[in-house]
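Here is the structure we will look at.
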Amino acid sequence: MSSSLSVYLLDVAATRALVGSRDDQLLEVIRTRFGDDLTRDDDYFSHEIEQGAPTAYEALRAVVHGGPFSEHKDHAFQYAYAYKRLCSLTGSFLDNDCFTPHRGDWLSVVDQGLNALGITAVSVDDFGFSDLPAPLPSSYVPGCGEWTPDQIARALEQFDATKRAVDESGQAPPLEPEVVEAVMQCLGWMRHAAGRKGFGVIGFRS
């Protein structure tokens, strides 16, 4: 079974602040402009909704209002998808063709490539965890992780240091071509973010 990665360039702090913001105007804009998307998601998760999970809009409203959330752990995925929807609406989608689709431990493999280049400040495997803003309940799928502006700045510094060392020694770490391509894509995400004050990356694995 394959997985996908959705990665967004956005103001991390501002996006997290949407959780519990009680911004009913934002909710109305989403319901008006993206009602078909909400309906499509409800059709896809119709069985879970019949079992008591919130609809896409109900989950979105709970996220924006900071609750209430279903106490059933099997319903937590709807709130994670609602947060993903907020990220997709407020951020810019980043090219992810090295990661969608992917199988097995590919994210960990790419992390090994990043580490081989001295980059330890960020991790693509973190996008598979459940690093959702409080008070959202933890959800296994979709996974969520973020790279803050500080982490990205540090990661780029680490890469620059490795580049200087390679230039001096003439020896680059031995990496498979597909890993190099994925690492370069990650560096592209980081450079996009570094060019905008306060911007970082939030990713979702599903």
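Is it the case that Ala59 is small (Gly, Ala, Ser) and under 12 Å from Arg85 (Cβ atoms)?
Judged against the criteria, Ala59 is a match.
Test Ser206 against the criterion of being farther than 20 Å from Leu5 by Cα and not hydrophobic (A, V, I, L, M, F, W, C), and give yes or no.
So Ser206 fails the test.
Go over the candidates Gln171, Gln151 one by one and state the one that is polar (S, T, N, Q) and without any contact (Cβ under 8 Å) to a residue 12 or more places away in the chain.
Testing whether each residue is polar (S, T, N, Q) and without any contact (Cβ under 8 Å) to a residue 12 or more places away in the chain leaves just Gln171.
Residues that are in contact with a Ser or Thr (Cβ under 8 Å, 6 or more places away or on another chain) and under 30 Å from Asp74 (Cα atoms): list the helices (runs of 4 or more DSSP H) wholly contained in region 92-206 that include at least 1 such residues. Give the steps one after another, and end with the answer.
Working: elements: 106-116, 149-169, 177-194.
By residue number, 106-116.
Select from region 21-49 the residues that are under 15 Å from Phe77 (Cβ atoms) and not β-branched (Val, Ile, Thr) and write down the one among them that is surrounded by the fewest Cβ atoms within 10 Å (Cβ to Cβ).
Of region 21-49, the ones under 15 Å from Phe77 (Cβ atoms) are 41-42, 44-49.
Adding the requirement that they be not β-branched (Val, Ile, Thr) leaves 41-42, 44-48.
Details: Asp41: 21, Asp42: 18, Tyr44: 11, Phe45: 19, Ser46: 12, His47: 8, Glu48: 15.
Residue satisfying both the conditions and the ranking: His47.
When you scan region 35-46, do you find a residue that is modelled with pLDDT under 95 and not acidic (Asp, Glu), even just one?
Yes, some residue in region 35-46 is modelled with pLDDT under 95 and not acidic (Asp, Glu).
Kindly list the number of the only condition in (1) assigned to a loop (DSSP other than H, G, I, E, B); (2) under 30 Å from Gly198 (Cβ atoms); (3) touching a residue at least 40 places away in the same chain (Cβ under 8 Å) that fails for Met1.
So the condition that Met1 fails would be (2).
In this structure, does Val63 turn out to be among the aliphatic types (A, V, I, L, M), touching a Lys or Arg at 6+ places or on another chain (Cβ under 9 Å), closer than 22 Å to Arg205 by Cβ and modelled with pLDDT of 95 or more?
So Val63 passes the test.
Only one of (1) among the hydroxyl-bearing types (Ser, Thr, Tyr); (2) modelled with pLDDT of 95 or more; (3) surrounded by fewer than 18 Cβ atoms within 10 Å (Cβ to Cβ); (4) within 25 Å of Asp37 (Cβ to Cβ) is not met by Thr100, so which one is it?
(2)
Spot the failing condition for Ala62; the list is (1) touching a residue at least 24 places away in the same chain (Cβ under 8 Å); (2) part of a helix (DSSP H, G or I); (3) within 21 Å of the chain's Cα centre (by Cα), and only one is missed.
Against the list (1) touching a residue at least 24 places away in the same chain (Cβ under 8 Å); (2) part of a helix (DSSP H, G or I); (3) within 21 Å of the chain's Cα centre (by Cα), Ala62 comes up short only on (1).
Out of Asp167, Asp160, Asp150, I need the residue that is within 27 Å of Ser130 (Cβ to Cβ) and out of contact with any helix residue (DSSP H, G or I) (no Cβ under 9 Å at 6 or more places or on another chain). Which one?
Asp150
The values are calculated or read from the model by the stated rules, or taken from the named source; none is laboratory data. Not measured: the values here are computed from a predicted model. So basically every Cβ, Gly included, is an ideal-geometry build from the backbone, and we count neighbours across all protein chains shown.
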